[in-house]
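These notes concern the structure reproduced below.
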Amino acid sequence: MTRYKRQDPEMSRRRFINLAMGTTAAVGGVSLISALGTANPVFRLTRDKMPPLKGDILVHASNNKEGQPVRISELSTQLVRAWPMGKDENGENVIRKGDPNNILALYRFPKGQIVRPTNLDATIDGETVAYSDVCTHAGCSVADSDINAGQMKCPCHSGQYDPKRGAVVIGGPPPRGLAQLPIALQGENIVVTDFFLTFPYPYTNASEWASFKQEVEEQLA
Ligand code: FES
């Protein structure tokens, strides 16, 4: 059982920014820009901790294949874990596993089995789909269900998700489904085409996630 706890400095940074925003609103006279400007040099988001980004290639996360590009032919109704791999500032490959919440779950189901609310346009041919593999309840890594084939189960508190229906919650305490990651096939590679479609763990609302995406885009610009 793997449980990912949020203790990395990037989250401290995000919390700091949220705190700065709250403080700014409360006192009305403190400059948010100066608060962020002070924070940026100290907590710069490194490429290995950035979320999956457009153009990233999905690579295996398992020990014996880590870093190898995932091929469609390797996917099935059994979960395959993957990391997004992008480029660093020097154009070198970087696997974005510096943030454990970037771990992904990949599935390939027979045609017609993946249905809404899955965003079918964000799948490959309606058969291959990618989700965050981090439980929205408390951040554990979600696995295949040991009882119901084709379903996912969180080992921590028995949260259950349906990967054929947008990874919606079908049991247990998770507050929302797993975030879907839009993907496409480019040559033999599975590539990311955009950010997660909804906010992944550890974000608690869409606006927090939107702020973080903006922060990432500004840093990449
Ligand atoms: S962390 Fe997954 S159900 Fe609690």
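In the range 113-213 the Cα-Cα distances spread across 5 Å bins starting at 0 as 3, 14, 23, 23, 20, 13, 4, 1 percent of all pairs.
Assuming 0.36 nm per residue, please report the length gained on full extension of the stretch GLN219 to LEU120 beyond their Cα-Cα distance. Intermediate values should be presented prior to the final figure.
Values: separation 99, 0.36 × 99 = 35.64 nm, distance 3.03 nm.
Full extension from GLN219 to LEU120 adds 32.6 nm.
Using Cα pairs under 8 angstrom and six or more residues apart, how large is the relative contact order of the range 47-220, in percent? Averaging sequence separation for qualifying contacts and normalising by length gives 21 percent for the range 47-220. So which lysines can LYS49 reach, going by Cα to Cα under 23 Å and dropping same-chain residues fewer than 8 places off? Straight-distance partners of LYS49: LYS5, LYS65, LYS87, LYS97, LYS213. Solvent-accessible area per residue in the range 47-220 equals 43 Å², computed with a 1.4 angstrom probe and all protein chains kept. FRET efficiency for the pair LEU185 and ASN90, taken as 1/(1 + (r/R0)^6) with r the Cβ-Cβ distance and R0 = 25 Å, rounds to 0.35. Which of the listed residues, ASN205, GLN160, VAL59, is farthest toward the dipole's positive end in the range 47-220, when Lys, Arg count +1 and Asp, Glu count -1 at the beta-carbon? Ranked along the dipole, the leading option is GLN160.
The values are calculated or read from the model by the stated rules, or taken from the named source; none is laboratory data. From a predicted model like this one, the values you see are computed outputs, not experimental measurements. Glycine gets a Cβ as well: all are built from the backbone with ideal geometry, and neighbour counts include every protein chain shown. Keep in mind that these areas ignore ligands, DNA and RNA; they rest on the heavy atoms of the full protein, side chains included. Shrake-Rupley method; radii C 1.70, N 1.55, O 1.52, S 1.80 Å.
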